[in-house]
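The values are calculated or read from the model by the stated rules, or taken from the named source; none is laboratory data. Every value quoted in this text rests on a predicted model; they were computed, and no experiment measured them. For neighbour counting, all protein chains shown are included, and Cβ atoms are generated from backbone atoms with ideal geometry for every residue, glycine included. Keep in mind that these areas ignore ligands, DNA and RNA; they rest on the heavy atoms of the full protein, side chains included. Shrake-Rupley method; radii C 1.70, N 1.55, O 1.52, S 1.80 Å.
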Amino acid sequence: MNKLTRDHNTQIPPIKIVQFGEGNFLRAFVDYAFQQLNEKADFNGGIAVVQPIENGMVHMLNDQDGLYTLFLRGIQNGQTIDEKHLICNIVKGINPYDDFQAYLDLAKEEELEYVISNTTEAGIAYIAREQMDAQPPQSFPAKLTRLLWERYEFFNGAADKGLKIIPCELINHNADQLKKFILQYSQDWNLGSEFISWIENHNSFHNTLVDRIVPGYPRNEIDFYNSQLDYEDQLIVVAESFFLWVIEDDGILKNSLAFDKTNCDVKFVKSIQPYRNRKVRILNGIHTSLVPVSYLYGNRTVTESMNDDFTSKFVESMVFDEIIDTIDMDRDELVEFTNQVMDRFKNPFIIHQLSSIALNSISKFKVRVLPSLLTYIEKCNRLPFYLCFSLAALIRFYKGDWNEESLPVQDDKLTVEFFQSKWELNNTKATVEAVLSNSDFWGQDLSKISDLSSKLVELIDSFDSIGIEETYKAQLETNKDEYLYQST
């Protein structure tokens, strides 16, 4: 089988994008999106990929001339999507730890316009000891500051040589944080007020929200994917077909990136916060609240959960009867998004283990689910049945065993030890009250919410007595309407 290489007669597009990161997500998301622009909107843009850490894989990209195969597989509107794309817009990969000058030379690219990044949530960080003359600086913001300085110097501070910076790290206000650290390094390194003014006035920073499930390299199914190729590809990547990219913009990007001519759902908006709130509360919220209920019931994957009558009905009722009502957006839009999420969770091509999602469930519940629970109480003056059911299952899950089986409790040592000590009391009421009152978990004392503790105790004791599904049925039949919040 032939090695995957570029045809020597192929015209190489000019470098318009510098991309920090060579991992599966960027290759299945951003690089795919910009190739769609090349194919359907005459964008004619090449990507230079920068390896953001010392140990990376740009050498593998370079070995294949930047080429790789993307398989998109999923379900949309009930239809199966199974596509194969040869991604060919990466024109070079650079390891700044091996060739720092090649990295700096990117700043001199005449047609460079955009900076993209996904350096993990920890990548956008400030390290006080960074030195400008390091080759390269350690942190991503410091590396980018050095590149911007090189561009500023080479083009004599030209206003039209500023860049549009679009980070994709999964933190809120990602571009605002990145800009803050760039300005801090500019001061630390005494780069001067004129450079800072150039950063402020001639470069733009755009907060983003990205959404696509990318399992990555299909190691366990590689023979199946290789059988569909007539070349050797060491960089195959698999992703779901769903695509959403929400970018804060005041017209700068929308006028230059014609994503409306592609099949990529890219939204240019004044604020990503409503979309972030929607994704966190619905997609992430369902994941986190589903895990303890479904795992204790006996399922082990998301797909299995969504194909089961009990757990799928639980999820649908929770999101349509409770979660949606807590989000301040158009209901029709929320319903449409929820239906897309349901299709994604039913995707038979992506095996998502509940045990993987269970990692750090307490902190996830605080961010993803608790706001819905509290907002529901505030709006409806009652306890939300399904969200309380999930919270009870979560507390029971952290006991660590169920029906003589060890549960995949994965959290920091202090959290695990806290639950162990409280469950050793052999008193459900004492355990629940201790958990609810632990403000380190929730940012507040949840035991002050009237009737919450007693209802959780009732549910947990019932779980142990008759099981998850039977408790659910009994609660619906007898006292769902009693989940009332009495303000004190």
Filtering segment 269-317 down to residues that are over 22 Å from the mean Cα position of the chain (by Cα), surrounded by fewer than 20 Cβ atoms within 10 Å (Cβ to Cβ) and not in a helix (DSSP H, G or I) yields Gly298, Asn307, Asp308
Just give me the residues in segment 69-80 being buried (at least 16 other Cβ atoms within 10 Å of the Cβ) and either at pLDDT below 95 or among the acidic types (Asp, Glu) (or both), in sequence order. Arg73, Gly74, Ile75
Just to be sure, is Thr69 part of a strand (DSSP E or B), β-branched (Val, Ile, Thr) and without any contact (Cβ under 8 Å) to a residue 12 or more places away in the chain? no
Kindly indicate whether any position in segment 48-63 is among the polar types (S, T, N, Q), closer than 24 Å to Lys164 by Cβ, open to solvent by less than 10 Å² (accessible area, probe 1.4 Å) and not in a loop (DSSP other than H, G, I, E, B). no
For Asp250, only one of the following conditions fails: (1) open to solvent by less than 70 Å² (accessible area, probe 1.4 Å); (2) within 22 Å of Asn277 (Cα to Cα); (3) out of contact with any strand residue (DSSP E or B) (no Cβ under 8 Å at 6 or more places or on another chain). What is its number? (1)
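One line per residue, one yes/no per condition, for (1) within 30 Å of the chain's Cα centre (by Cα); (2) open to solvent by 10 Å² or more (accessible area, probe 1.4 Å); (3) at negative phi; (4) at pLDDT 95 or above:
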| position | (1), (2), (3), (4) |
| --- | --- |
| Ile124 | yes, yes, yes, no |
| Asp133 | no, yes, yes, yes |
| Pro136 | yes, yes, yes, yes |
| Glu153 | no, yes, yes, yes |
| Glu169 | yes, no, yes, no |
| Leu178 | yes, no, yes, yes |
| Tyr185 | yes, no, yes, yes |
| Asn190 | no, yes, no, yes |
| Val214 | yes, yes, yes, no |
Given segment 372-479, what helices (runs of 4 or more DSSP H) lie entirely inside it while holding 2 or more residues that are under 18 Å from Ile362 (Cβ atoms)? 385-397, 413-423, 428-436, 439-442, 452-466
Could you figure out which of (1) in contact (Cβ under 8 Å) with a residue 40 or more places away in the chain; (2) part of a helix (DSSP H, G or I) isn't true of Leu359? (2)
Residue pairs qualifying under the 7 Å Cβ cut-off, at least six apart or on distinct chains, with the first in segment 264-284 being at positive phi and at pLDDT 95 or above and the second being of a type outside the set (D, E, K, R) and surrounded by 15 or more Cβ atoms within 10 Å (Cβ to Cβ), are none
